[in-house]
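Enquirer: Just dropping this structure here.
The values are calculated or read from the model by the stated rules, or taken from the named source; none is laboratory data. Nothing here was measured: the structure is a model prediction, and the numbers come from that model. In this analysis, Cβ positions are derived from the backbone assuming ideal geometry, glycine residues included, and neighbour counts consider all displayed protein chains.
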């Protein structure tokens, strides 16, 4: 029997001494912890028959014979977790060695006294995140590093079992050394439970051959992420693919897949670097002619007119670009995990000819085990061949070891790595690149933390390869965007808008090198609440349109995917009584999904709730206009039991935990609500207010009702359309 992905005898024992509740907490790339999973470990009985404890880090200090140097490890073990740091998990008991005492920038070394090797194996738990050789746990013999481990670099804070075969050092003196020589972001190491043992609990390089046949490889995934496997797929002498995932030891939570079209005629070798003894993960991997185990696109738990990948975690919108009639949506994607905690980040890819019917493509920038991750970025079409990759080459930029360049000559189906990457080294990430026509040069706006600041930095380039710093604007965090919009559609009056990941923006002027915010203009909200994140607009959209999409942070349960994209939003600037403001509205193409339109005119409401008959579909496009009399209290609409409320006394729109200011225009308020599974996207004032909200996925479609509280009569005009699910995926 196994629990949490580890064999029950991993720490074989006589006496029960420790029980640990594994708590996996993801500290999001932007903001606070957003994901928690709990798994009860087996009672870890320690030491076992003949096992020798080198260090369990349960005492108040490291002990007189251990030597701590630098600032990383402090004077003693960390008790459970460090304040201000993401929670560690996978350790046993209450203590562990944790190099984050001074933050990721702190460095140091923790060295044991001399130890005589009297068992064939040294086993431990370890997690690390940095470049190989800079952090980890080492075995020192005769002044040399003879064994080393840093744990899976994508697990960050989740300690994993590992071990060394030390039989060649039997009877000899060695030392254990835990090092953190990294000052990089996410540069740290966590270690616990170092023991000598004669039990080998890790299989090294286990493999099996899969017979020819099937174009998909099905992979059993554990959402608990308790053992991270690096897998190499090869055919003959050729490596077909490298990938990493939390491999389920027994029954998977869901099945991921890899497209292997060339496997149909040749055997495929599947090799894993390390695997706990007793794990069924390798034997459960299978070739198939169909994708099974992923949540179907038609599943009642999956949103329908909001894009979701077939399986895996989806994050920031990346590389949005229009080319030759096709809208390309790239996005942060971990195809083998539903959690950013356990993610190796790729660039996912979907394409559409109408912004509504999306076809999921193979991942455009796939990570290869621990070699590279592809963080947020952007893509452009090099129409004038300024970079020399060919006319109309698609050029992508991602934070991957600096700001790095990748190019495609087949419209984004495959990308090549530019051999002289990175094109830019700086303290930051998330490059957003576009062509500045008046100056005939490229612009990169990129999040930057130089000098401890949080700001958007601006660089320019003639060829996408050589970049020159020009200016910066403080007060922005991650995933920037910068673009120009006409006011009320007038091309002779335009305003530039600068955004951060939270979709807040400044208006101003831009001369190709410097963004100058409008005097006295505060940051304004492009969306209300916290469900819309890291929006980006399409480069080269036709007819001067400015189309934005962003990640909706909706946590879906018991399915093979997580998060969804917003519907595509058309952005415009309009002059109002409060100045020029941004308006967001669903693209007109969405209307092609409408059917079964029902109109309810001349509704009157007074201190009551009125169910709307005949409207129990779960996919809806709702438009309603309320006439608000003086002295009214609250009015609104319930969709699937979720109230969208206008508080007439506070002039505020409210849905669940999100609020936005809203003032009637000519005594009326107009709302549009797009209802999909797990999502309400609410638009008020013709788009001046955009409020996306996560809602429960209902087992049965919910109805619609209108309500008004107070003794004033409210009039309403309601139009509801059912929404037909798009058929392309």
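Enquirer: Restricting to the range 448-461, give me the number of residues that are in contact (Cβ under 8 Å) with a residue 40 or more places away in the chain and either within 23 Å of residue 533 (Cβ to Cβ) or out of contact with any helix residue (DSSP H, G or I) (no Cβ under 9 Å at 6 or more places or on another chain) (or both).
Expert: Of the residues in that region, 2 qualify.
Enquirer: Now a separate question. Could you please give the count of residues in the range 228-255 that are under 20 Å from residue 278 (Cα atoms), modelled with pLDDT under 90 and in contact with a helix residue (DSSP H, G or I) (Cβ under 8 Å, 6 or more places away or on another chain)?
Expert: 4
Enquirer: Considering 53, 25, which residue is part of a strand (DSSP E or B) and modelled with pLDDT under 85?
Expert: The unique qualifying residue is 25.
Enquirer: Which of the residues spanning the range 529-543 are in contact with a strand residue (DSSP E or B) (Cβ under 6 Å, 6 or more places away or on another chain) and part of a loop (DSSP other than H, G, I, E, B)?
Expert: Within the range 529-543, 529, 531, 538, 540, 541 meet the criteria.
Enquirer: Right, another one. Looking at residue 337, is it modelled with pLDDT of 95 or more, buried (at least 21 other Cβ atoms within 10 Å of the Cβ) and under 16 Å from the mean Cα position of the chain (by Cα)?
Expert: No.
Per-residue answers, yes or no, for (1) more than 22 Å from the chain's Cα centre (by Cα); (2) touching a residue at least 24 places away in the same chain (Cβ under 8 Å); (3) under 30 Å from residue 186 (Cα atoms):
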residue	(1), (2), (3)
392	yes, yes, no
397	no, yes, yes
418	yes, yes, yes
463	yes, yes, no
484	yes, yes, no
497	yes, yes, no
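Enquirer: Another question, then. Restricting to the range 640-655, and then to whatever is part of a loop (DSSP other than H, G, I, E, B) and either at pLDDT 95 or above or touching a helix residue (DSSP H, G or I) at 6+ places or on another chain (Cβ under 9 Å) (or both), can you tell me which residue is surrounded by the fewest Cβ atoms within 10 Å (Cβ to Cβ)?
Expert: 649
Enquirer: If you don't mind, there's one more thing I want to ask. Which condition breaks for residue 362 when tested against (1) within 23 Å of the chain's Cα centre (by Cα); (2) surrounded by fewer than 18 Cβ atoms within 10 Å (Cβ to Cβ); (3) more than 25 Å from residue 245 (Cβ to Cβ)?
Expert: With (1) within 23 Å of the chain's Cα centre (by Cα); (2) surrounded by fewer than 18 Cβ atoms within 10 Å (Cβ to Cβ); (3) more than 25 Å from residue 245 (Cβ to Cβ) applied to residue 362, the lone miss is (3).
Enquirer: Please verify whether residue 123 is buried (at least 22 other Cβ atoms within 10 Å of the Cβ), touching a residue at least 12 places away in the same chain (Cβ under 8 Å) and outside any strand (DSSP E or B), treating the condition exactly as stated.
Expert: In short, no.
Enquirer: Quick check on my filter: what residues within the range 549-596 are more than 24 Å from residue 490 (Cα to Cα) and assigned to a loop (DSSP other than H, G, I, E, B)?
Expert: 553, 554, 555, 556, 557, 558, 559, 560, 563, 566, 567 - these are the residues of the range 549-596 that are more than 24 Å from residue 490 (Cα to Cα) and assigned to a loop (DSSP other than H, G, I, E, B).
Enquirer: Of the conditions (1) within 25 Å of residue 633 (Cβ to Cβ); (2) assigned to a strand (DSSP E or B), residue 722 satisfies every one except a single condition; which number is it?
Expert: (1)
Enquirer: Go through the range 289-321 residue by residue and tally those that are assigned to a strand (DSSP E or B) and either assigned by TED's automatic domain parsing to the domain that holds residue 534 or at pLDDT below 90 (or both).
Expert: 0
Enquirer: Kindly list the number of the only condition in (1) touching a strand residue (DSSP E or B) at 6+ places or on another chain (Cβ under 8 Å); (2) assigned to a loop (DSSP other than H, G, I, E, B) that fails for residue 630.
Expert: (1)
Enquirer: Follow-up. Within the range 511-521, restricting attention to residues that are within 31 Å of the chain's Cα centre (by Cα) and assigned to a strand (DSSP E or B), which residue is farthest from residue 468 (Cα to Cα)?
Expert: It comes out as 517.
Enquirer: If I go through the range 308-335 residue by residue, how many of them are more than 20 Å from residue 539 (Cβ to Cβ) and touching a helix residue (DSSP H, G or I) at 6+ places or on another chain (Cβ under 8 Å)?
Expert: Of the residues in the range 308-335, 2 are more than 20 Å from residue 539 (Cβ to Cβ) and touching a helix residue (DSSP H, G or I) at 6+ places or on another chain (Cβ under 8 Å).
Enquirer: Here's another thing I want to ask about it. Checking the condition under 29 Å from the mean Cα position of the chain (by Cα), assigned by TED's automatic domain parsing to the domain that holds residue 715 and surrounded by fewer than 21 Cβ atoms within 10 Å (Cβ to Cβ), which residue from 693, 673, 658 passes?
Expert: The conditions single out 658.
Enquirer: Could you count how many residues in the range 414-426 are in contact with a helix residue (DSSP H, G or I) (Cβ under 8 Å, 6 or more places away or on another chain) and over 15 Å from residue 468 (Cα atoms)?
Expert: Count: 0.
Enquirer: Now, a different point. What do you reckon, is residue 610 more than 21 Å from residue 306 (Cα to Cα), at pLDDT 95 or above and assigned to a loop (DSSP other than H, G, I, E, B)?
Expert: No: the conditions fail for residue 610.
Enquirer: State all residues of the range 103-115 that are under 19 Å from residue 62 (Cα atoms), surrounded by fewer than 18 Cβ atoms within 10 Å (Cβ to Cβ) and out of contact with any strand residue (DSSP E or B) (no Cβ under 6 Å at 6 or more places or on another chain); if no residue qualifies, say none.
Expert: Matches in the range 103-115: 113 only.
Enquirer: Follow-up. Could you check the range 159-258 for strands (runs of 3 or more DSSP E) lying wholly inside it with 3 or more residues that are buried (at least 19 other Cβ atoms within 10 Å of the Cβ) and either in contact with a strand residue (DSSP E or B) (Cβ under 6 Å, 6 or more places away or on another chain) or outside the structural domain of residue 429 (by TED's automatic domain parsing) (or both)?
Expert: 160-165, 173-180, 188-197, 216-221, 228-235, 238-246
Enquirer: Then there is this: Quick check, is residue 508 in contact (Cβ under 8 Å) with a residue 40 or more places away in the chain, surrounded by fewer than 19 Cβ atoms within 10 Å (Cβ to Cβ) and within 21 Å of residue 571 (Cα to Cα)?
Expert: In short, no.
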